[in-house]
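Read the structure below first, then the notes.
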Amino acid sequence: MATDVVAAGARRDAHWYQTFFDEHWLTISSQTHSPEKSAAEVEFLVDELGLQAGQTVLDLPCGHGRHSIEFARRGLRVVGVDLNEEPLERAYWAAREAGVKVDLRRVDMPTFLYASREDHIVPWHSAYETVHVLPGKKQFVVGASGHIAGVINPPAKKKRSHWTNTRLPKTAEAWFEGATEHPGSWWPVWSDWLKLQAGKLVAAPKKPGDAKHPPIEPAPGRYVKAKA
């Protein structure tokens, strides 16, 4: 009985997405997602998006590559990205067996994570768990107020405050206990983070579009006025 309790506790503590997509899931998935169905789904996307051979497609998350491989079979350059290594390894061997090339990668991009302290839709404690999900460099910031007012807070207004902490401890409570409160908007923190990830500034184009991509119509576009 004690062993069962420990095992059950371990399952609760583990991130389900790291263990769920195992051999059992693949067996079930193969019964509900046949090769014919995967091919039909990709064919639909190719037709609807007007994809041409040689163009690049990002498959995220790619899982064991059922869509990535079908895209590659149609002459598309495919970058398949996933969080878990086991599905990526399966995708690699499946692509080799199919005789196609797929660029498979594990997520490692830097991430800026924001949460509003009084957000009732995405509680900031829940949002903090993302730091334990994504690999790569992460920065987590909490802003005052709720779901909308906390996010839309231009610095010029000099309203509210935000919290930062360079450390990412196990729990949200520990993060907040070690955080520093700063007056005003969190936007400057985000802006500084973006500068570190971006390249050199370039002059904005004098007019939208180019010879290959002409403007379709003035903003905001017809879809905004379309009735559901």
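A few notes on this one:
- Residues of the stretch 167-186 that are surrounded by 13 or more Cβ atoms within 10 Å (Cβ to Cβ) and either touching a residue at least 24 places away in the same chain (Cβ under 8 Å) or touching a Phe, Trp or Tyr at 6+ places or on another chain (Cβ under 6 Å) (or both): Leu168, Pro169, Ala172, Trp175, Phe176, Ala179, Gly184, Ser185, Trp186.
- Taking the criterion of being of a type in the set (A, V, I, L, M, F, W, C), in a loop (DSSP other than H, G, I, E, B) and within 22 Å of Pro110 (Cα to Cα), the residues of the stretch 189-228 that qualify are Ala198, Leu201.
- Qualifying residue in the stretch 137-155 (condition: on the phi > 0 side of the Ramachandran plot and among the hydroxyl-bearing types (Ser, Thr, Tyr)): yes
- For the criterion of being hydrophobic (A, V, I, L, M, F, W, C), free of Cβ contacts under 8 Å to residues at least 24 places away in the same chain and under 25 Å from Pro123 (Cα atoms), Ala204 fails.
- Sole residue being surrounded by 14 or more Cβ atoms within 10 Å (Cβ to Cβ) and at positive phi, chosen from Arg117, Arg90, Arg160: Arg160
- The stretch 51-85 - residue that is touching a helix residue (DSSP H, G or I) at 6+ places or on another chain (Cβ under 9 Å) and among the charged types (D, E, K, R) and, of those, surrounded by the most Cβ atoms within 10 Å (Cβ to Cβ): Asp59
- Scanning the stretch 145-160 for residues that are of a type outside the set (A, V, I, L, M) and either in contact with a strand residue (DSSP E or B) (Cβ under 6 Å, 6 or more places away or on another chain) or closer than 17 Å to Val122 by Cα (or both) yields Ser145, Gly146, His147, Gly150.
- Every residue from the stretch 163-187 that is out of contact with any helix residue (DSSP H, G or I) (no Cβ under 9 Å at 6 or more places or on another chain) and outside any loop (DSSP other than H, G, I, E, B): Ala174, Glu177, Thr180, Glu181, Pro183
- First in the stretch 135-154 and in the same structural domain as His125 (by TED's automatic domain parsing), second anywhere and in a loop (DSSP other than H, G, I, E, B) and among the acidic types (Asp, Glu), Cβ under 6 Å, 6 or more apart: Pro135/Asp108; Gly136/Asp108; Ser145/Glu118; Gly146/Glu118; Gly146/Asp119; His147/Asp119
- Matching residues, the stretch 188-228, being more than 30 Å from Val141 (Cα to Cα) and among the acidic types (Asp, Glu): Asp210, Glu217
- Among residues of the stretch 129-144 being in contact with a strand residue (DSSP E or B) (Cβ under 8 Å, 6 or more places away or on another chain) and not in a strand (DSSP E or B), the one that is modelled with the lowest pLDDT is Pro135.
The values are calculated or read from the model by the stated rules, or taken from the named source; none is laboratory data. What you see is a predicted model, and the numbers here were worked out from it, not measured in a lab. Counting neighbours? That spans all protein chains shown, and the Cβs are built from the backbone with ideal geometry, glycine included.
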